[in-house]
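Asks: I am attaching a structure below and will ask some questions about it afterwards.
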Amino acid sequence: MTQTYSGGCACGALRYQTTAAPIFENHCQCADCRRRSGTGHGSYLTFARRAEMEIHGPAREWRVAGDSGHEKIHAFCPTCGTPVYLAFAAMPDLISVHAGSLDDPALFRPQVVTYAGRACSWDTMAPELASFARMAPG
C-alpha cells in the first residue's frame with residue numbers, strides 16, 4: 001500500500017501532498033531552524049522530487065544563505081504564518097516539509113540530528129539518533 005504524506009499550515013490555506021517516500025528525515029539544531037521554529041530545533045522530511053509534491057494555496061517565501069553559501073527558500077502561509085516547506089536553490093529538485101505540518105505526525109521517523117554542535121543545552125534529542133556537528137555527510 002502506498003503511503004500518503006500530507007499536511008499544511010494551521011489555518012488550512014496552504015496544503016501539500018505526495019505519495020513519494022522521504023529520502024532524509026532529520027532534526028536540525030542550527031540557529032536558523034531554532035529561530036524559525038521558536039524552539040530548539042526544526043524537524044524535516046526531505047523528498048527527492050519537488051515535482052511529485054502537490055502544493056495548493058498561496059505561500060510567501062523568504063531566502064537565507066546556509067553554511068554552504070547557497071540559498072534556502074523558506075515557504076510559509078501568508079495568512080497564519082506557519083512554516084510549511086523549504087527548497088534549496090542549489091538543489092531545485094529537493095523539497096523538505098516541516099514535520100510539525102504533517103496531518104499524521106507519526107509518519108516522521110527522524111534518522112539523524114544535524115548541526116548538533118549548535119544545540120542549546122536544554123534541547124536534548126533521542127540518544128539513539130546519529131548526531132553530526134554540522135550537516136550529515138552526503
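Computed from the coordinates by the stated procedures, all read-outs in this text should not be read as laboratory data. Predicted model only: the values in this text are computed from it and were never measured. Ideal geometry is used to build each Cβ from the backbone, glycine not excepted, and the neighbour counts take in all protein chains shown.
Asks: Leu107 versus Ser37, label points 7 Å from Cα toward the beta carbon: distance in nm?
Replies: Output for this residue pair reads 1.9 nm.
Asks: Pull out the extension gain between Ala89 and Ala133, defined as 0.36 nm times the separation in residues minus the alpha carbon to alpha carbon distance; nm, one decimal.
Replies: Result for the pair: 13.5 nm of gain on full extension.
Asks: What list of ³J(HN,Hα) values in whole Hz, one per residue of segment 38-48 in order, does the Karplus curve 6.51 cos²θ - 1.76 cosθ + 1.60 (θ = phi - 60°) give from phi, with Gly and Pro shown as x?
Replies: Each residue of segment 38-48 in turn: x, 8, x, 6, x, 10, 9, 10, 10, 10, 6 Hz.
Asks: Turning to a different aspect of this structure: Considering the values (i) 43; (ii) 63; (iii) 56, which represents percent of Cα pairs over 20 Å apart as calculated for the structure under consideration?
Replies: Given (i) 43; (ii) 63; (iii) 56, the calculated one carries the label (i).
Asks: What does the helix-only formula give at 222 nm for the chain: each DSSP H stretch with n ≥ 4 adding -39500 (n - 2.57), the total divided by the residues, and the result rounded to the nearest 500 deg cm²/dmol? The partial results should precede the final answer.
Replies: Working: 1 runs with 7 residues, N = 138.
Dividing the helical sum by the residues of the chain leaves -1500 deg cm²/dmol.
Asks: Could you give the dipole magnitude of the chain about its Cα centre, charging the beta-carbon of Lys and Arg +1 and that of Asp and Glu -1, in debye to the nearest 20? Walk me through the numbers on the way to the answer.
Replies: Values: 12 positive and 12 negative charges, 65 e Å.
Using Cβ point charges on Lys, Arg, Asp and Glu, the chain gives about 320 debye.
Asks: As I understand it, the dipole of the chain uses +1 on the Cβ of Lys and Arg and -1 on the Cβ of Asp and Glu, about the Cα centre. Which of Cys77, Leu102, Gly12 lies farthest toward its positive end?
Replies: Going by the charge dipole, the pick is Cys77.
Asks: Using amide H atoms built 1.01 Å from N in the peptide plane, name the residues 5+ places from Val84, or on other chains, whose amide H lies under 5 Å from its own.
Replies: For Val84, the qualifying residues are Ala75, Phe76, Cys77.
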